[in-house]
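In what follows, a structure is listed as structure tokens, so that the remarks can point back to it.
Computed from the coordinates by the stated procedures, all read-outs in this text should not be read as laboratory data. Keep in mind that what you see is a predicted model, and the values were worked out from it rather than measured. Every residue, glycine among them, receives a Cβ derived from its backbone with ideal geometry; neighbour counts consider all protein chains shown.
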Amino acid sequence: MPQPSKTVLKKRPSPTKHAPVAGRKKATALPRQGVDDDTEFMALDIPRGKLSAEMQAYFDKCEEKLGYVPNVLRSYGFDDAKLQAFADYRQDLIIGASVQVSAPVGQYDSSKLVNLGANRWFIKPDIGISKALGPLTLELSAGVTFFTRNDDYFGGKTLEQDPVYSTQAHVTFNFGNGVWGALDGTYDYGGRTTVNGVRSDDKQGNSRVGATLALPVNRNQSIKLYGSTGVSTRSGSDYNLGGIAWQYRWGSGL
């Protein structure tokens, strides 16, 4: 009597594993010196070139102070000239711009005065400038927030709001060894609302000042103390604020 044939099921290869490509070196995991419970991975297996005495001393200092050489430095290690140019970089003048957009998402109920969502769009373009003067950094930014109309405001009303013009100024001092402090100031103007065609007396003209102090605990953790108070208030934001924050950074950095 013939025996029933056996169907042999072949094991499918794992979708996360790929055959090696000819000519490509396999990335290796390099143990970090001075840290027993962590492993550093390099996406590119770049051989280190011959470093100058100054750059070798710089790498040695990283090993001594941090326990590792940041990947962003190691990625330039194949070319001492490029590494020197990167290490010599110091901030001078930086100018940048950004645009924030908020969509009308989130829970919203027009029968409630306070909601998680706003049921309207807002767009805020900003421009900022930063100037470094040794350990001192001066920053200034300005922006304007534009709002769309909310046709389903509290009680089925229509809400409109004028643009809010805002500016911020920051003076930051680097004390060294990861310790820095900052003095901050903000000013907001405009934002007057109109409900069903009736103008409200809520135009902003508010200024605040604050201070921040950051204290490192180790290379991954730091404590930040901050506080602010109102200087002049025309509508809203008349409050004092103080706090403490604990920050933790994962990984070995860039």
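Across the range 166-174, rounded Karplus estimates of 3J(HN,Hα) from the backbone phi angles (6.51 cos²θ - 1.76 cosθ + 1.60, θ = phi - 60°) give 9, 9, 9, 9, 9, 10, 10, 10, 9 Hz, Gly and Pro being marked x. The H on the amide N of Ala118, modeled in the peptide plane, is under 5 Å from the matching H of Val105, each at least 5 residues off or on a different chain.
Within the range 120-206, which trypsin sites (Lys or Arg not before Pro) sit in a loop by DSSP and count at most 14 neighbouring Cβ atoms inside 10 Å? Can you show the working numbers first?
Values: sites: Arg120, Lys131, Arg149, Lys157, Arg192, Arg199, Lys203; in loops: Arg120, Arg149, Arg192, Lys203.
Of the trypsin sites (Lys or Arg not before Pro), the ones in loops of the range 120-206 whose Cβ has at most 14 other Cβ atoms within 10 Å are Arg149.
May I ask for the net charge around Ala214, where only other residues with Cβ less than 15 Å from the Cβ of Ala214 are counted and Lys, Arg are +1 while Asp, Glu are -1? Before the final figure, lay out each step's value.
On the way: positive: Arg219, Lys224, Arg249; negative: Asp184.
Computed value for this residue: +2.
For Gly191, nonlocal amide neighbours, meaning residues 5 or more places apart or on other chains whose placed amide H falls under 5 Å from its own, are Asp162, Val164, Tyr165, Gln204.
Projected over all directions and averaged, the alpha-carbon convex hull of the range 111-254 occupies 11.2 nm². Annotation note: chymotrypsin sites (Phe, Trp or Tyr not before Pro) in the range 47-145 located in DSSP loop regions with a Cβ neighbour count of at most 11 within 10 Å are Tyr89.
By definition, a body whose alpha carbon gyration tensor gives a ≥ b ≥ c is prolate when a/c is 1.5 or more and a/b is larger than b/c, and the range 78-170 fits this prolate description.
Look at Arg219, Arg74 and count the other Cβ atoms within 10 Å of each Cβ; fewest to most, that gives Arg219, Arg74. Sequentially through the range 90-102, phi angles give Karplus couplings (6.51, -1.76, 1.60; θ = phi - 60°) of 9, 4, 10, 10, 10, 10, x, 9, 8, 9, 9, 10, 10 Hz, Gly and Pro residues having no value and appearing as x. Summarising the amide proton neighbourhood of Gly230: residues at separation of 5 or more, or on other chains, whose placed amide H is nearer than 5 Å comprise Tyr239.
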